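What follows is calculated from the coordinates using simple rules that are stated; it is not laboratory data. Computed from a predicted model, the values in this text were never measured in an experiment. Quick reminder, even Gly has a Cβ in these numbers, built from the backbone with ideal geometry, and neighbours come from all protein chains shown.
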Amino acid sequence: MELIKEACVETKEQIDNALLHNANQIELCSRLDLGGLTPTNDLINYALSKTDHILMMVRIEDNYSIDQKGISTLEGIIKKYVNTNIQGFVFGFLTKDNTVDAFAIKSLVKAAQSKETVFHMAFDLIEDSKGAIDELVSLGITRILTKGGGGLAVNNLTKLKELKDYASGRIQLIVGGSVTDDNCEQIAKATGIKRFHGRKLAYK
């Protein structure tokens, strides 16, 4: 089974290492200790000089809620890079009830034009995960990053397979959550999901 490995990086050295070890894609972030924020312009430009296989985190605060001012700021960031070779943008916002913030997501998907759009691991805070899949499909999101609930992805194999089966090709799932070169094949065999995301991928 051919797996797709997406390395999550926040420094130039990590970009170089990921590419050296044949990462299929890189996700650019800053402040991974906060779950990932928008990377610096310098890091984005460095990555663009090295590869076209780039996703870019779009998030300016350490939470999953956003107001109109925040949406406008993120729209501006996306529009600045939407005509570059960046393949897509990663974001995810929730209401106070931990449901999909449809207004924010619709606005950012529109700003991203035809680029890939990834709803990040805020998805795992949503109680009705199947309903959220339906909604994100309708909003134009192309991928969902999930670990299948709380804890580690490798401990949530039944739930991940359930989500994969429910998505039924309508939207792509990416597995994160302490995914490594050593456990991604096990997860893939159990769930049928072939795309993986993490800080410890593409090291072999």
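Report the normalised scattering of the chain as log10 I(q)/I(0) at q = 0.08, 0.09, 0.15, 0.16 Å⁻¹, calculated by the Debye formula with identical scatterers on the alpha carbons.
-0.24, -0.30, -0.89, -1.03
Loop only per DSSP, at most 13 neighbouring Cβ atoms within 10 Å: give me the GluC sites (Glu not before Pro) in the range 1-58, ordered by residue number.
Glu2
Under the rule of -39500 (n - 2.57) per DSSP H run of 4 or more residues, summed and divided by the residues of the chain, what mean residue ellipticity at 222 nm is obtained, to the nearest 500 deg cm²/dmol?
Value at 222 nm, helices only, nearest 500: -10500 deg cm²/dmol.
Too long at a 25 Å Cα-Cα cut-off: which of Lys110/Lys200; Lys12/Lys96; Lys5/Lys159; Lys106/Lys161; Lys161/Lys200; Lys96/Lys130?
Lys110/Lys200; Lys12/Lys96; Lys106/Lys161
Highest first, please rank the peptides 108-114, 141-147 by the mean number of other Cβ atoms sitting within 10 Å of their residues.
141-147, 108-114
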